[in-house]
Each structure stands twice: as C-alpha cells, then as structure tokens.
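Please read the structure below before turning to the comments.
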Amino acid sequence: MKEESKYLIENENVYCGALSCRGCGWSLLARHVSSVMGTKTVYVVPACCFSIIAGPYPMNLLKGTVVHTLFAAAAATATGIRHSLNRQGKNDAPVVVLAGDGGTFDIGLQSLSGAAARGEDFIFICNNNGAYMNTGVQSSSATPIGSITTTNPDGKGTNAKDLMGIIAAHNIPYFATASLAFLDDLQQKIIKAKSIKGFRFIMIDSPCPPGHKYAPELSIEISRLAVETNYFPLFEAENGTYKINYLPKKKVSVSELLIRQGRFSHLFKNGTSKIIADVQKQIDLAWKKLNDRVKI
Amino acid sequence: MESKLEDRITLLDGSRIIIESAVAAGAEVFTGYPITPANLLYAYAGKRFPVFLPAPDEITALQWLCGFSSVGKVGVTATSFPGFALMLETLNMAYLMELPMVIILAQRLGPSTGSATAGAQGDLLLLRGCISGGYPIPVFCPADFKDCQELTHQAVKAAIQMRTPVILLTSKEMIMTNRSFDLNEFEEKEKVSLKYFENGKPYKPYLADEDTMVPPFLPLGNNQHQVRINSSTHDVNGFIQKATKEALDNTKRLKVKIEEGMKEFNFYSLNEIDEARILLVSYDISSDAVLEAAKVLKTRNVLVSTLILKTILPVPENILSILEYYEKVFIVEENLSGLLREILFGIQSQSNIYGINKIGEMISPEDIIAEVSSN
C-alpha cells in the first residue's frame, strides 16, 4: 500500500480545471511537474496544446506563474526571465518551459539550441505527441514514419528527427526521456532535473487520442507499450553518463504498439507493411546504440 | 443531362474556393505551416496542389516559395499575423528579387498571438508598410465567395504579370465559416502562364520592359543565360551595389512597376443610389453587414450608397474621387482604430468621416444602422 501511495501527488499545485481532450497527457504531466517544482516556478509556454489547456479561467490548471509566449521563442523568453530573476536575487525560483513538439523540434529549435549551447539555467520539457495536434494534426519533424496526419494523409515517409541526439550534442548537464506510464520514473527525473544547475531537458512521450486515433482510456496502456517495445526507451544522461531506467522483461514487437493506433492502421491493411519491419530494425539499432552508450 | 440550378447549391467555406481557384489559375506549389485560422487552406491545399510541402516554420515556407518561383513555379502559402510577421524579411526579399507568389493572409484578433479563433481586420496598415521604404505591394481582398474565386485568380495573374509577391487578404469567417453558395456563380478561368525571356540578346535579369517596367523572366538553371537574383540593392545585371544611381533607379522602378501594373487590377463594387449623400465603405467579411444595413436603411427612407473595396492596396486613384462625392462617409471595419480610414483619409479627423469599428466579434448590420442613424 505504501509503495502505491508514493505515486500520489504530495503537493497539489494545479487547479481542478484543464481544457485538455480526454486521455491527453498534458494535464497529468503538468500535475506531476508542478508538484515537484513548487509554486515559485515560472512556466513558459509557447503556442501548443498546453497554451489552450492551461488557458481560460477557471480551466487554467497551473498554480504557478505562467507566461504564454510565442511559438518560436520559448527558450529565449525563458532565458530573459531567468537572468532577470537572478539579478533580483530570486535564483531559487525555477523556470520551466512546457512546449509541444512543434515548439521544440521545428520552429522552436533555434532558440532551444541557443539556450542549451549557452548553458542557460532552466528546465525545458517537451511533451511530444508527434504532430501539430492543436491546429488539426499536421506533421511535425517529430511525427514518426508511417503516421497518418492531415499533411501526410498516406502516412509520413520520413523518420522523426532524433532530437535527443541533437540535445546530447549540446553537452548539457542533464537530459532524459520519460513516460506517463512510468510516473515514479518521471517524478524522479523532475526531482533530479530540479536539483541540477544549467540547461536541463526532458522529453515526454505524450499520448494524444484524437491525433493518434485511439480510445482515450488506452492512453496509459499505449504509453507503456511504447516503452516495452523500446519504441520510446526510458533513459537519462547526467554529465554525459547514460543510464537506461527501464529494461523490458521480454521483447515485444513494435507492431503491438502500432496496431493499437489508428494513425498507423493503413500499415496493417493488405497484409503487413514493410514500414513496420523497417521501424522494428530502427528500434533494435537505436536500442543497441543506447546500450553501447551506457557501457562507455 | 444538364444539372438543375438547385443541384449546384452547396455548403462550403472560402478556403476551398481560394485553393481551387489558385490551382486553376496555374499555381503549382503550396507551402504551409500550421496556424489558425489558415489551417483549412493548408488542409485543402494538400489535396489539390501538384506540389505540397509542409514547412517547419513560416520563414521556411516563404523561402521555399522563393526557390520555386526563381525556377519558374509560382506558389502559394497561407498564414495569419504571427506567421506573416516571421515572413516579413523573406517577403521583402521576394519583392526585391521580383519573384511571383501569392501569400494568403487570414486575419485574426491581435495583437500578438491574440485569439486564434476570433476574426479581425487588423493587418491593413501593416501591409501598407510591410516593404521597407514604403513600396507598394498588391493587396486583394475578397468580400464574398464569388470574389474568393475571382480575386484569387487575379492575384495569381498579377503576381505573374508584375513579377511580384501579392497578398490575398482575408479573415477567419470568410475562410472558415460554411455558407450556402450556388456553384453556378463560378466562372471558367484560364490558366495563367509565366512567360520566359525569348529575345536573342544577352539577358540582364533586371533590365525591365520599357512599357510595363517588368523585367522579363528566366528561370535559374535555364542553360542559356546566366541569371543572378539578389536580395541586396542591385543594378540591372543583379550585381550588388550600394547607393549608386543605377542601383537606385532599379529600386525606384519597383514602385512605378506596381503602381502602373495595378491599373488593370482595379476591383471594387459600388452601388450608387440616386440622391444618396451617405456612403458606406468596407471590405472583407464586414461587407455583408454593410450591404444588409443599406437595405434596411432604405426601408427607413435613409438612402445610402455602398462601396466595397477589393483592390485595397495600392489604393486605386478613382476611389478617392468616389469618396469626395459624398457628404458623409462611414468606414466599416473590424478593428479598433480604423485602419482603412487612416489609409484613405490620414490621421487628421474630419467631421464628415465616421468610423464604425468593433473588435472581438463581427460588425452587425444593427451596429451600422445605429451609427448612421445617430450621425
């Protein structure tokens, strides 16, 4: 009983209302992040689903200070706020960016990279749901190969950008992946990120029932499968030292994950698409590379 | 068998008409980036354009169009103020390079991110000044669905004919709200083609035709002539120059090129009522309210003429003489300070010029009737 209860939120730093879709990962994520980060935190939110979810009163969700900024500029806005807080002696007020994949992988990448390269002292959290969901499910460079979006109605033909590889190349003190199906791991990573100075980055694999096309109650199950299949492995790197946080007990085929999502349904019509086999190969290769990094 | 008239009445939005018209006019490429309220344009374009490219940001979207345009493929993109703001430097580049393209600007409530799902007419002054130096850029603005077809076609034609970026100005309700429309009102349109330089003489990329002031076009990679296009101040050869006479002459030509070239693209709708001394002026979605208000006022024995502007920039000369004729002019637009009013009449207030303005929701016929009745 005690083991289970530790997952419960100790400090409830969200209000009861959020304007998210059913099964959305954002409000669960925000609840856990804010619980750890505390009410002194300044949240910086670029244009993304979350700018609506934490939007109109009384559905404004977060109890902390919130800055709704521009799509391209979250990390730059956060930089200005961080420096100004420091000059006022408020170094203990954390600054946290809560961005979607568009504001991280695409239009926000330049300001993100600049802040990471300068070693700015804040946490950047990317809630990656793999497309521009808020504006009608258009592909982003985080959209996985094979996924149907409104801009790739036959399925995206290219792989998602390896953003964690890009982040790693910035040699920042801490970066990690996390899943809403592994809340303990998520919470530990936020706690660790909070305890470190410098630029910190956490990528969340976010469930999105309307965009990924599945029933809202399957969000956590599908998030868990993404980890179990090594499609979205849980790892962290502290000062360049990698650690895998979860080792699946048995190998699960990626088709188990893809078949549960309508965005990949076309891959299973007329037999099984070659794309699935390719994705499996990529997953296996990426998993091997990750394991090799851990050994270094 | 010929279809009956009622068979062709359907529900549709302006986005679909604009996209269909752009493709029919010969635009071959659409580049886009998600932004409300332009997302329907983006979605339809993906199904209709021969080449469709989703960009990772608006700077990329417009730079791609410059690339396509410079090799002879005329393109279209669609955005709203936040994205348009990011496009401004590239728009200036396309203007100075003289690259044809159409940018659909779907207005929403500002400033800044504003309200993505609330309409507005707040970007007109920005458009008037968006080319550094105040150079004129063609701006067309559909007032109804028929215009969506016609003016999109004209925008593509103007872009190609004058070798220039052209803005198709619209707003949220025009392009997102479904309305019934009789498809019989659409006309067959001919495709517009980009003509290439065929003179046997050496090609100078910015040596303009003396009549039109437009330089003949040759695509990059044509294998016959060297083509040099330049985003910096340049001479007729496309060579970068500081403020030399030759370079400045080339830059000054851009103003004359648009002002002269736009004379054949003067579109407006004037409904003159005999004995009316009041004129209602508007554009875009507010035009509906103006036309309805005029009808109601007529039943109350208040005679008003209406003027709906469709070529908004540069302001056609004859529009000013129409305005001068009336004792009272009411400018109806969905913004706070009267952007069209300022363009037409300047910032000095005049006792016979009235603004009917509102933000956050559409101007209703009742708003107009009340204002006309109390003045």
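Holding the Cα-Cα limit at 29 Å, pick out from B:LYS157/B:LYS255; B:LYS310/B:LYS358; A:LYS40/A:LYS161; B:LYS189/B:LYS310 the pairs that are longer than that. Beyond 29 Å between Cα atoms: A:LYS40/A:LYS161. Counting only Cβ charges, +1 for Lys and Arg and -1 for Asp and Glu, the dipole size of segment A:25-295 around its Cα centre is about 360 debye. Values of log10 I(q)/I(0) for the protein assembly as shown across q = 0.06, 0.07, 0.09, 0.10 Å⁻¹ run -0.41, -0.55, -0.87, -1.02, by the Debye formula with one identical scatterer at each alpha carbon and no solvent. Once you reduce segment A:225-296 and segment B:349-375 to the center of their Cα atoms, the two points are 61 Å from each other. Here's the list of lysines a cross-link from A:LYS251 could span, going by alpha-carbon distance under 22 Å and ignoring same-chain residues fewer than 8 apart: A:LYS243, A:LYS274, A:LYS281, A:LYS288, A:LYS289, A:LYS295. Each Lys or Arg adds one and each Asp or Glu subtracts one; over the other residues with Cβ under 10 Å from the Cβ of A:GLY108, this totals -3. Set Lys and Arg Cβ to +1 and Asp and Glu Cβ to -1, take the dipole of segment A:25-295 about its Cα centre, and tell me which of A:ILE53, A:ALA30, A:ASN91 lies farthest positive. Final value for the positive-end residue is A:ASN91. When the trypsin sites (Lys or Arg not before Pro) in segment B:1-87 are filtered for DSSP coil states and for at most 11 other beta-carbon atoms within 10 Å of their beta-carbon, the remaining sites are B:LYS4. Is segment B:1-137 best put as rounded, prolate or oblate by its Cα gyration tensor, with a ≥ b ≥ c the root eigenvalues, rounded for a/c under 1.5, and otherwise prolate when a/b is larger than b/c, oblate when not? Here segment B:1-137 falls in the oblate category. Placing unit charges on each Cβ (+1 for Lys and Arg, -1 for Asp and Glu) gives chain B a dipole about its Cα centre, and among B:MET176, B:ALA159, B:MET97 the Cα reaching farthest toward its positive end belongs to B:MET97.
Per residue, the average separation of C-alpha pairs within less than 8 Å and at least 6 apart gives segment B:46-105 a relative contact order of 38 percent. Summing Cβ point charges (Lys, Arg +1; Asp, Glu -1) relative to the Cα centre of chain B gives a dipole of roughly 1020 debye. Between A:LYS251 and B:HIS225, the simple label model (points 7 Å from Cα in the Cβ direction) yields a spacing of 6.3 nm.
Our coupling estimate for segment A:57-73, obtained by passing each phi through the Karplus curve with A = 6.51, B = -1.76, C = 1.60 and θ = phi - 60°, is 4, x, 10, 8, 6, 7, 8, x, 6, 10, 10, 8, 10, 7, 3, 8, 10 Hz, Gly and Pro reported as x. Only aspartates and glutamates eight or more places from B:LYS252 in sequence, or on another chain, were considered; those with a Cα closer than 12 Å are B:ASP235. By the Stokes-Einstein formula, at 0.890 mPa s and 25 °C, segment B:294-335 with its Kirkwood radius over alpha-carbon pairs has D equal to 203 µm²/s.
Across chain A, the mean sequence separation of Cα contacts (distance under 8 Å, 6 or more residues apart), normalised by length, yields a relative contact order of 15 percent.
Taking Cα centre as origin and charging only the Cβ of basic (Lys, Arg, +1) and acidic (Asp, Glu, -1) residues, the dipole magnitude of segment B:308-355 rounds to 40 debye. The Kirkwood radius of segment B:91-195, taken over pairs of alpha-carbon atoms, gives through the Stokes-Einstein law at 4 °C and 1.567 mPa s a diffusion coefficient of 86 µm² s⁻¹.
The Stokes-Einstein estimate for segment A:25-295, based on a Kirkwood radius over Cα pairs and taken at 25 °C with 0.890 mPa s viscosity, is a diffusion coefficient of 130 µm²/s. Contact order for chain B, expressed relative to its length and based on alpha carbon pairs under 8 Å spaced 6+ residues apart, stands at 17 percent. Along its principal axes, chain B has C-alpha extents of 68, 54, 42 angstrom, given from the largest down.
Read-outs: derived from the displayed coordinates by stated rules, not from any lab. Keep in mind that this is a model prediction, so the values were computed, not measured. Using ideal geometry, Cβ is built from the backbone for each residue, glycine included, and neighbour counts are taken over all protein chains shown.
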